[in-house]
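Quick notes on the structure that follows.
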Amino acid sequence: MKKSEIVTLAILLLISLKVSAEEWDTQEYVPGEYVVQFKDATTMRLSEDLNMKAIDAKRGIYLLKRPMVERTESVLAQFRSDQSPNVAVIEPNYIYRSFYRPSDPLFETQSSLSDLNTTNCDGEQVESTVSIEVDRAWEIHRTAPEVIVAVIDTGISYGHSDLKENLWTNRAEADGLPGVDDDGNGYVDDIHGYNFVDNVGTADDDHGHGSHCAGVIGAKSDNHEGIAGINFEVQLMAVKFLSASGIGTLENAIKAIDYATQMGAAILSNSWGGGSKSQLLMEAIERARDAGALFVAAAGNDGKDNDVNPTYPASYEVDNVLPVAASTIQGDRAWFSNYGLRSVPLAAPGHYVYSTVQSGYRCMSGTSMAAPHVSGVAALALGFRPNLSYLDLKDLLVRTVRPIPSLKSEVGSGGVVNAYNLLREIE
Ligand SMILES: [Ca+2]
Ligand SMILES: [Ca+2]
Ligand SMILES: [Ca+2]
């Protein structure tokens, strides 16, 4: 550095203290490094002297290294001033981090959550990943602490350390007396939900399926343990109507849906199906709709067209019902997944999904795994914008999918649910 330059810098340094922070000042950059474009690249003799490295010599773009003691604003001011007529542009060497990486060790194998996760939960390397891009969405928003998502399934593992913190809690029962229906809702000791199979207050999972769905929506993220859930914080309501062998009845399905509605769930996540069209089940779904709840439903695993042969509850034509097909890691329809241009609006990852079970973690596939991805993204959106109605949510989820050419003829939107696109839309 020449003497005159030092003097100039010293003056600029003093002046710069009074200058308000520019936009770059709020950003992260590599200290002492700048990206510079010169107007006339042919007169770049100076480059060697100034400790420069070509980024694109043809276009005159160089990486400039300056002593780290120099203040960034001074360097920028100097090179933007008349003293440096050959400099067209100079910018700090910004650091970009648009993808949030949580601390959960199994996150790397959650190919359904991040395009950067290119190993599936069977340990196989995959060529490309079409995830829900929640790692990018997390840069916008991460939690839904007020949002209750009812997992209407086999229950949720109460003791799982990656789940228990995000269980919904019925305060009156938690602080109340055992054997007493403290909140007077008709159910005794329903602390985290209710078990309609055994008619008891504990809806602990004795199968694994319900915990798997719950983990996708809201396993505790960034806790240095297990997997990441779509929502760092959320309220998972355990509504058990499927038995230890995964079987339930119409009787208990109606009770389960009504319980979730009565206790204020905003989203009902349904990874089950069967039976013919039931007037009474449809009316329970309508009651959920009247309470403003979104009813997410797995499209089914028969590989068939739901437009021709409907699958219930996914095919009930109530406007809070949102049927979900399963996509593979590459974004195509999974071979087992039902589809329907008219009856299934979107797909979500449902192939090789890693999530929580009663104890530990398991890799599972099915539209059962796809539906909770949509429920989870819906909860995240609601955590970000609490005033969204179920119709807003449904519209947003479908409208912001990532288009996949092969899905064009399979699901209404022709795409896979995308958390990042959705949050960008409502940012
Ligand atoms: Ca109660
Ligand atoms: Ca009680
Ligand atoms: Ca975790």
Max mean-square fluctuation residue, GNM over the chain, Cα-Cα springs under 10 Å, options 177, 322, 167:
177
I want to verify a result. In a Gaussian network model of the chain, Cα cutoff 10 Å, which of these has the top mean-square fluctuation: 309, 86, 170?
86
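Once you have the alpha carbon radius of gyration of segment 87-173, what is it after dividing by 2.2 N^0.38 Å, with N set to its residue count? Before the final figure, lay out the partial values.
Details: Rg = 18.6 Å, N = 87, 2.2 N^0.38 = 12.0 Å.
Dividing the Cα radius of gyration by 2.2 N^0.38 Å gives 1.55.
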Radius of gyration and maximum dimension Dmax of the chain, Cα, Å:
27.0, 88
Fewest first, what order do 333, 289 take by the number of other Cβ atoms within 10 Å?
289, 333
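Pop out the Kirkwood hydrodynamic radius of segment 124-196 from its pairwise C-alpha distances, inverse of mean 1/r, in Å to one decimal. Spell out each step's value before the answer.
On the way: mean 1/r = 0.0649 Å⁻¹.
Taking the inverse mean of 1/r over all distinct Cα pairs, segment 124-196 comes out at 15.4 Å.
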Can you tell me which of 348, 371, 174 moves the most in a GNM of the chain? Springs connect C-alpha atoms under 10 Å apart.
174
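Do the sum for the chain: with -39,500 (n - 2.57) for every DSSP H run of n ≥ 4, divided by all residues, what is the mean residue ellipticity at 222 nm, to the nearest 500 deg cm²/dmol?
On the way: 11 runs with 105 residues, N = 427.
The helix contribution divided over the chain gives -7000 deg cm²/dmol.
Between beta-carbons, use under 11 Å as the cut-off and find the net charge around residue 89, counting Lys and Arg +1, Asp and Glu -1. If you can, show how the numbers build up before the last one.
Working: positive: 39, 59, 80; negative: 91.
Combined, the nearby Lys, Arg, Asp and Glu give +2.
If N is the number of residues in segment 151-268, what value comes out of its Cα radius of gyration divided by 2.2 N^0.38 Å? Can you show the working numbers first?
Details: Rg = 13.5 Å, N = 118, 2.2 N^0.38 = 13.5 Å.
Taking N as the residue count of segment 151-268, the ratio is 1.00.
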Classify segment 250-369 as rounded, prolate or oblate, taking a ≥ b ≥ c as the square roots of the eigenvalues of its Cα gyration tensor: rounded when a/c is under 1.5, otherwise prolate if a/b is larger than b/c and oblate if not.
oblate
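Full-extension gain between residue 409 and residue 249, please, as 0.36 nm times their residue separation minus the C-alpha to C-alpha distance. Please report the intermediate quantities before stating the final value.
Working: separation 160, 0.36 × 160 = 57.60 nm, distance 3.38 nm.
Fully extending the segment from residue 409 to residue 249 adds 54.2 nm.
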Rough spin-label spacing in nm, given labels placed 7 Å along Cα→Cβ, for residue 40 and residue 180:
9.0 nm
Counted neighbours (other Cβ, 10 Å), sorted fewest up, put 384, 241 in the order 384, 241
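Anything in the chain that counts as a DSSP H helix reaching 15 Å or more along its axis (C-alpha) with Kyte-Doolittle mean of at least 0.0? List them, would you?
Numbers: long enough: 3-16 (20 Å, 1.79); 250-262 (18 Å, -0.13); 279-290 (16 Å, -0.45); 367-384 (26 Å, 1.21).
Passing helices, by number: 3-16, 367-384.
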Value of Rg to Rh for segment 270-333 (Rh from inverse mean 1/r over Cα pairs, i.e. Kirkwood)
1.00
q = 0.31 Å⁻¹: log10 I(q)/I(0) that the Debye formula gives for segment 181-233, counting C-alpha atoms only:
-1.08
For the chain, just give the cysteines left without a disulfide-compatible partner, judged by no other Cys Cβ under 4.7 Å.
213
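Distance check, please: which entries in 255/394; 220/408; 220/277 exceed 32 angstrom between their Cα atoms?
220/408; 220/277
What is the order of 142, 71, fewest Cβ neighbours within 10 Å to most? All intermediate terms of the calculation are to be shown ahead of the outcome.
On the way: 142 19, 71 13.
Placing the least packed residue first, the sequence is 71, 142.
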In nm, what is the difference between 0.36 nm times the number of residues separating residue 57 and residue 262 and their Cα-Cα distance?
67.1 nm
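Laboratory data are not the source of any read-out in this text; all were calculated from the coordinates shown. These numbers come from a predicted model, not from an experiment. Positions of Cβ are generated from backbone atoms using ideal geometry, with glycine treated the same way; all protein chains shown enter the neighbour counts.
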